[in-house]
Amino acid sequence: NGYTISGFDIKKQEYNYNLSHFAKLLKNLSLYKDYYKMTNKYSSVKPVLNSEVPQVFIETYGCQMNVNDSEVVLAMLQQAGYSLCDSINKANVILVNTCSIRDNAEQRIWGRLDVFLQEKKKRKDVVVGVLGCMAERLKDELLKHPAVDIVAGPDTYRDIAKLLDGLRSGEKQINTML
């Protein structure tokens, strides 16, 4: 009628009490509530949730490597003072990390860019960036899309904060160097 955890015997009622007490403490933390409400998929990088700093939303298409790359981008942007959010409606920066292996994935990205353009029309300060393989392969076409402000290839993620700063010049930013 008990549990053994790391060599300690715990009676079942003590374990249940401690577990429920711990859960109640966590539920009282606002970060806990915000963290578990998030629909964004990048929880392996501990997101910094702070609505008082610029917000970033990241969508990822493609392979597991793209998911890892999105985590790198998030880590870089958090160090630069950005916070992850769960909706394009809240985001100051919308990033889409792309795959160019299948045409279907590319077509979905073009459709998403049209959605992001509608968001930019509502809020003029929204920045949209396309990252990844598709960005590297179709950089010129992507820069022509009215929603796109930044195009960054897969080997340039560590420069994403610099590219965002570069937008202050009024020029679209691109870095697809290998």
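Summary of values
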{"read-out": "Distance in nm between pseudo-label sites at Met76 and Asp114 (7 Å out along the Cβ direction from Cα)", "value": "3.0"}
{"read-out": "In sequence order, calculated HN-Hα J values of region 115-124 (Karplus, 6.51, -1.76, 1.60; Hz; x Gly/Pro)", "value": "5, 5, 4, 4, 5, 5, 5, 6, 10, 4"}
{"read-out": "Integer Hz, Karplus 6.51/-1.76/1.60 couplings in order for region 76-92, x for Gly and Pro", "value": "5, 6, 5, 5, 8, x, 9, 10, 6, 10, 9, 7, 5, 5, 9, 7, 7"}
{"read-out": "Residues with amide H under 5 Å from that of Ala91, placed H, sequence gap 5 or more", "value": "none"}
{"read-out": "Accessible surface of region 103-149 [probe 1.4 Å, protein heavy atoms]: carbon and sulfur percent", "value": "51"}
{"read-out": "Radius of gyration and maximum dimension Dmax of region 40-178, Cα, Å", "value": "13.5, 39"}
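The values are calculated or read from the model by the stated rules, or taken from the named source; none is laboratory data. Here the structure is a predicted model, which means the values were calculated and not measured. No Cβ is skipped: glycine too gets one built from the backbone with ideal geometry, and neighbour counts run over all protein chains shown. Quick note on the areas: whole protein, heavy atoms, side chains included, nothing else; ligands and nucleic acids left out. Shrake-Rupley method; radii C 1.70, N 1.55, O 1.52, S 1.80 Å.
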